[in-house]
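> Before I ask anything, let me first share the structure, which is written out below as structure tokens.
The values are calculated or read from the model by the stated rules, or taken from the named source; none is laboratory data. Keep in mind it's a predicted model, so treat the numbers as computed, not measured. Note that each Cβ is placed from the backbone with ideal geometry, even for glycine, and that neighbours are counted across all protein chains shown.
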Amino acid sequence: MQASARPSWTPLAWRLLGIACFLVAWQAASSIVKSELILPGPSIVLKAFANLSTTAKFWSAVSGSLGRVLESFIISIAIGLLSGFISGISQPAKAFFSPFITGVRATPVLALILLAMFWFPSSQVPVFSAVLMAFPVMHTSAEAGIRSVDQNLLQMSRLFHVPGRVMLWRLRVPSALPYILSGAKNALGLCWKVVVAGEVLSQPRMALGSAMQESRLMLETADVFAWALVTILLCGLSEYLFGLLSAWANLVYLSAAPQVSRQSSI
């Protein structure tokens, strides 16, 4: 007698169930509080979101924050990869960078933002703060990826005098790539959080954080929730697109790496 097959839920179904449960709990809490000033319900926030999305202020804020996030993300990737690769290859370099990385990790985000407000114009405060917070993530990921290479393969490659370029592209980069892509995804999400937090304090023009702070001062709680919802959606969308880009880049690398290897060995 065969056992009856139980229906299997897909990850998407579980995600939708989680969102539905969160919305129900949110609506229940709003009904208990009975104050839109303290906790507006989901329908009120969605209405505020729809109203904001039809204004020029909304799109200018989205474009301004998106530009700062991309700027900080690219700088963090560039610096983190460079220092991480150097630390992964050289033990003295790892010891050299270690105090700075540890110090930045231990520094509160709010402290970095407040200090940056003394040094930079309001439009660059979020960028500087996000770079300092995201750079250690990329540094650590790149360093761990480089050090994950099988040491026996490295010794054998040196024994057979394999060119350094071949070792880089066929040994070190394939081992480091999963670490780098994972670190970059985490750094992207961190950039969104720090950039918006920096905008709330530094108040630059065309910024989600500035709009959020303005709504708070006007006691428009639903708008504050709406601006926060925009940030969450943009962060999730950018991480999803980055995942697609990472998969494409991985395929391109896997197809191009053998060609690089053959050219280097000639």
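> Could you run through segment 66-95 and say how many residues are in a helix (DSSP H, G or I) and either among the polar types (S, T, N, Q) or in contact with a Pro (Cβ under 8 Å, 6 or more places away or on another chain) (or both)?
Here is the first cut: in segment 66-95, the ones in a helix (DSSP H, G or I) are 66-89, 91-95.
Now narrow it down to the ones that are either among the polar types (S, T, N, Q) or in contact with a Pro (Cβ under 8 Å, 6 or more places away or on another chain) (or both): 68, 72, 76, 80, 83, 87, 91.
Of the residues in that region, 7 qualify.
> Let me ask something else. Report every pair of residues separated by at least 6 positions or lying on different chains whose Cβ atoms are under 8 Å apart, first residue within segment 132-155 and at pLDDT 90 or above, second among the polar types (S, T, N, Q) and buried (at least 24 other Cβ atoms within 10 Å of the Cβ).
Hits for this filter: ALA134/SER72; ALA134/SER76; PHE135/SER76; VAL137/SER76; MET138/SER76; HIS139/SER87.
> Here is a further query. Report, by residue number, each residue of segment 113-128 that is of a type in the set (Phe, Trp, Tyr) and more than 18 Å from the chain's Cα centre (by Cα).
Looking only at segment 113-128, we keep the residues that are of a type in the set (Phe, Trp, Tyr), and these are 118-120, 128.
PHE118, TRP119, PHE120, listed by residue number.
> Identify the single condition in (1) part of a helix (DSSP H, G or I); (2) over 29 Å from the mean Cα position of the chain (by Cα) that TRP26 does not satisfy, given that it satisfies every other one.
(2)
> A follow-up question, please. Just checking, does segment 31-43 include any residue being charged (D, E, K, R) and not in a loop (DSSP other than H, G, I, E, B)? Explain how you work it out, then say what you get.
So the first thing to find is which residues in segment 31-43 are charged (D, E, K, R), and the list is 34, 36.
Checking the rest, the ones that are also not in a loop (DSSP other than H, G, I, E, B) come to none.
No, every residue in segment 31-43 fails to be charged (D, E, K, R) and not in a loop (DSSP other than H, G, I, E, B).
> Oh, and also: Being without any contact (Cβ under 8 Å) to a residue 12 or more places away in the chain and touching a helix residue (DSSP H, G or I) at 6+ places or on another chain (Cβ under 9 Å) is the filter here; which residues of segment 97-106 pass it? Outline the logic, then answer.
The first filter runs over segment 97-106 and keeps only residues without any contact (Cβ under 8 Å) to a residue 12 or more places away in the chain, leaving 98-100, 102-103, 106.
Passing the criteria: SER98, PHE100, THR102.
> Restricting segment 170-218 to residues that are within 10 Å of the chain's Cα centre (by Cα) and charged (D, E, K, R), which is nearest to SER76 (Cα to Cα)?
LYS185
> Of all residues being more than 18 Å from GLY209 (Cα to Cα) and of a type outside the set (Val, Ile, Thr) in segment 101-114, which is surrounded by the most Cβ atoms within 10 Å (Cβ to Cβ)? Just the residue, please. Walk me through how you get there before you give the answer.
To start, the set of residues in segment 101-114 that are more than 18 Å from GLY209 (Cα to Cα) comprises 101-108.
Retained after the next criterion (residues that are of a type outside the set (Val, Ile, Thr)): 103, 105-106, 108.
Working: GLY103: 10, ARG105: 12, ALA106: 7, PRO108: 8.
Only one residue tops the list, namely ARG105.
> Given GLU214, GLU199, which one is in contact with a helix residue (DSSP H, G or I) (Cβ under 9 Å, 6 or more places away or on another chain) and either surrounded by fewer than 22 Cβ atoms within 10 Å (Cβ to Cβ) or modelled with pLDDT under 90 (or both)?
Details: GLU199 fails: either surrounded by fewer than 22 Cβ atoms within 10 Å (Cβ to Cβ) or modelled with pLDDT under 90 (or both).
Selected residue: GLU214, the only one of GLU214, GLU199 that is in contact with a helix residue (DSSP H, G or I) (Cβ under 9 Å, 6 or more places away or on another chain) and either surrounded by fewer than 22 Cβ atoms within 10 Å (Cβ to Cβ) or modelled with pLDDT under 90 (or both).
> Now for a different question. Quick check: anything in segment 168-179 out of contact with any Leu (no Cβ under 7 Å at 6 or more places or on another chain), without any contact (Cβ under 8 Å) to a residue 24 or more places away in the chain and assigned to a helix (DSSP H, G or I)?
Just the residues of segment 168-179 that are out of contact with any Leu (no Cβ under 7 Å at 6 or more places or on another chain), to begin with: 168-170, 172-179.
Still in the running and without any contact (Cβ under 8 Å) to a residue 24 or more places away in the chain: 168.
If we keep only those that are assigned to a helix (DSSP H, G or I) too, we end up with 168.
Within segment 168-179, one or more residues are out of contact with any Leu (no Cβ under 7 Å at 6 or more places or on another chain), without any contact (Cβ under 8 Å) to a residue 24 or more places away in the chain and assigned to a helix (DSSP H, G or I).
> Just give me the residues in segment 221-236 being surrounded by fewer than 18 Cβ atoms within 10 Å (Cβ to Cβ) and either in contact (Cβ under 8 Å) with a residue 24 or more places away in the chain or over 16 Å from TRP59 (Cα atoms) (or both), in sequence order. Break it down stepwise before answering.
Step one: filter segment 221-236 for residues surrounded by fewer than 18 Cβ atoms within 10 Å (Cβ to Cβ), giving 228-229, 232-234, 236.
Hits for segment 221-236 are LEU229, LEU234, GLY236.
> Could I ask something else about it? Looking at segment 88-100, which of the residues that are under 23 Å from the mean Cα position of the chain (by Cα) and either over 30 Å from VAL200 (Cβ atoms) or at pLDDT 90 or above (or both) is surrounded by the fewest Cβ atoms within 10 Å (Cβ to Cβ)?
Our first condition is that a residue be under 23 Å from the mean Cα position of the chain (by Cα); within segment 88-100, this holds for 88, 97-98, 100.
Then keep just the ones that are either over 30 Å from VAL200 (Cβ atoms) or at pLDDT 90 or above (or both); that gives 88, 97-98.
Working: GLY88: 23, PHE97: 19, SER98: 12.
Among those that are under 23 Å from the mean Cα position of the chain (by Cα) and either over 30 Å from VAL200 (Cβ atoms) or at pLDDT 90 or above (or both), it is SER98.
> A further question follows. Which of the residues spanning segment 199-242 are closer than 21 Å to PHE118 by Cα and either of a type in the set (S, T, N, Q) or in contact with an Asp or Glu (Cβ under 9 Å, 6 or more places away or on another chain) (or both)?
Kept after step one, since they are closer than 21 Å to PHE118 by Cα, are these residues of segment 199-242: 199-207, 209-210, 213.
SER202, GLN203, ALA207, GLY209, SER210, GLN213, listed by residue number.
> With respect to ALA187, determine if the residue is in a helix (DSSP H, G or I) and modelled with pLDDT of 90 or more.
Details: in a helix (DSSP H, G or I): yes; modelled with pLDDT of 90 or more: yes.
Answer is yes for this residue.
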